[in-house]
Ligand code: CP3
């Protein structure tokens with residue numbers, strides 16, 4: 001059953017994501033609901049991170065915090081959840097360790113490990129397992145009351161695969177590399193399974209009320225051009241290809257899709273052909289050079305200031321915004337202003353406000 005929500009008062013993000021000419025670039029930032037906000041800590045209290053994700057009331061409150069703080073400066077909300085809810089739905093245990101990040105007590109060790117077979121063969125009831133995400137989205141849409149669109153998301157198959165075999169963050173990627181170079185076929189099987197679950201999870205988020213979806217390939221940059229082509233791209237393309245058909249079969253309208261292959265600067269050209277409306281990029285890309293690579297293709301870019309600039313001065317932030325505007329903002333279309341990765345703890349929220357105000361000021365027509 002489809003929900004009825006209040007009409008959107010600000011649909012700038014959606015119009016820009018479809019490639020339309022707009023009055024100014026929409027703006028939001030990755031991880032805008034998070035630890036740099038004092039109100040985040042207050043609302044979270046002593047709750048565990050995943051407990052917050054599983055409680056629709058808490059998750060929607062956290063999602064709305066930046067919208068409330070920054071008012072008209074922010075053009076989107078992103079649902080408070082995590083990419084690791086998919087491995088959890090696949091039967092893996094994941095904890096969030098304070099100040100350290102995610103931890104899987106039992107990562108997948110090798111294809112002969114019984115757990116690999118179990119994960120591969122498990123029939124995942126996505127609608128049941130991740131029902132709490134959908135309830136959080138529906139509740140958030142109600143609370144937003146049309147102020148800004150709500151973004152849904154998932155992790156890319158390659159990035160989720162890395163977490164599932166590494167068991168957490170890593171610098172070496174020793175397990176991930178062992179899998180792709182020793183067990184390429186078994187790796188592909190798992191990537192395919194994850195990709196199908198991503199399609200279903202994104203479709204159910206749209207059904208619940210998400211108005212744009214984004215796929216985070218945070219570890220894309222750990223692959224090189226040829227391994228990216230083998231182990232990431234086909235699965236990103238699979239999602240972009242299957243999601244519209246899936247939505248249609250559910251009687252739902254298409255939504256814009258964003259892909260963020262972080263660090264894969266070498267793949268920018270092919271990322272523009274993956275079937276996504278929007279390609280996110282980090283600060284390793286030069287805006288003007290990226291626009292040249294895109295050429296006449298109808299793809300919108302999202303990004304890409306170094307999040308670290310927010311630790312600096314207001315003048316430094318202005319300079320970073322100027323560089324983005326100069327490179328990305330051509331013909332009043334094709335750009336969604338954002339950072340090149342998530343905003344980090346310890347940033348002064350006033351500096352983010354300055355970032356938004358400068359995007360506004362420097363793109364006023
Ligand atoms: O505001 C938003 O962007 C919405 C919520 C959101 C979170 N995680 C909340 C979160 C989103 C979109 C994510 C995506 C996510 N999660 C990614 C992709 C984006 C990226 O950063 O590359 C990844 C790799 C994860 C996995 C993850 N979750 C890690 C590695 C960590 C720990 C490190 C870190 O940056 O905190 C998390 C925890 C997490 N996810 C927090 C939040 C607000 C911090 C939890 C806390 O300690 O309070």
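Values in this text are rule-based calculations from the coordinates and carry no lab data. Given the structure is predicted, the values throughout are model-derived calculations rather than measurements. Neighbour counts are summed over all protein chains in view; Cβ atoms, including those assigned to glycine, are modelled from backbone coordinates with ideal geometry.
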> Using the alpha-carbon atoms, what tilt in degrees (0 to 90, nearest 10) does helix 233-249 show relative to the longest principal axis of the chain?
Replying inline: 80
>> Between 0 and 90 degrees, rounded to the nearest ten: what's the tilt of helix 349-362 against the longest Cα principal axis of the chain?
In response: 60
>> If I take R0 = 35 Å and measure r between the Cβ atoms of residue 97 and residue 69 in this structure, what FRET efficiency does the formula 1/(1 + (r/R0)^6) give, to the nearest 0.05?
In response: 0.80
> For the range 170-237, what mean projected area does the convex hull of the alpha carbons give, in nm²?
Replying inline: 5.2
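Just to be sure I understand: if I project the alpha-carbon convex hull of the chain onto a plane and average over all orientations, what area do I get in nm²? Intermediate results must be reported in sequence, preceding the final value.
Working: hull surface 66.8 nm².
Average projection, Cα convex hull of the chain: 16.7 nm².
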> What's the center-to-center distance, using Cα atoms, between the range 132-171 and the range 276-354 in Å?
Replying inline: 22
> Taking the inverse of the average 1/r across all pairs of different Cα atoms in the range 1-159, what Kirkwood radius in Å do you get?
Replying inline: 17.5
> log₁₀ I(q)/I(0) of the range 277-352 at q = 0.13, 0.18, 0.21 Å⁻¹, via Debye over equal Cα point scatterers, no solvent, to two decimals?
Replying inline: -0.37, -0.68, -0.88
> Sorted by mean Cβ packing within 10 Å, highest first, what order do the peptides 105-117, 86-98 take?
Replying inline: 86-98, 105-117
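On alpha-carbon atoms, Rg over Rh for the range 77-218 using Kirkwood Rh?
Values: Rg = 15.7 Å, Rh = 15.8 Å.
Using only Cα positions, Rg/Rh for the range 77-218 is 1.00.
Can you give the calculated 222 nm mean residue ellipticity of the chain, where each DSSP H run of n ≥ 4 adds -39,500 (n - 2.57) and the sum is split over every residue, rounded to the nearest 500 deg cm²/dmol?
On the way: 17 runs with 174 residues, N = 365.
After summing the helix terms and dividing by the residues of the chain, the value is -14000 deg cm²/dmol.
Find the eigenvalues of the gyration tensor of the Cα atoms of the range 255-305, then list the square roots of 5 times those eigenvalues as equivalent ellipsoid semi-axes, largest first, in whole angstrom. Before the final figure, lay out the partial values.
Details: eigenvalues 45, 30, 20 Å².
Over the Cα atoms of the range 255-305, the semi-axes work out to 15, 12, 10 Å.
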>> Report the per residue volume, in Å³, of the convex hull enclosing the C-alpha atoms of the range 75-137.
In response: 117
> Beyond 21 Å, what percent of the Cα pairs of the range 1-77 remain?
Replying inline: 40
> Distance in nm between label sites at residue 39 and residue 127, each 7 Å beyond Cα in the beta-carbon direction?
Replying inline: 3.5
> Hey, what's the Cα Rg ratio for the range 34-92 versus the globular rule of thumb, 2.2 N^0.38 Å?
Replying inline: 1.21
> Which value in Å is the Kirkwood Rh of the range 223-365 over different Cα pairs?
Replying inline: 16.3
> According to a simple spin-label model (label point 7 Å from Cα along Cα-to-Cβ), what is the distance in nm between residue 5 and residue 47?
Replying inline: 2.0
>> To test your reading of the geometry: what angle, between 0 and 90 degrees and rounded to tens, separates the Cα axis of helix 157-166 from the longest principal axis of the chain?
In response: 60
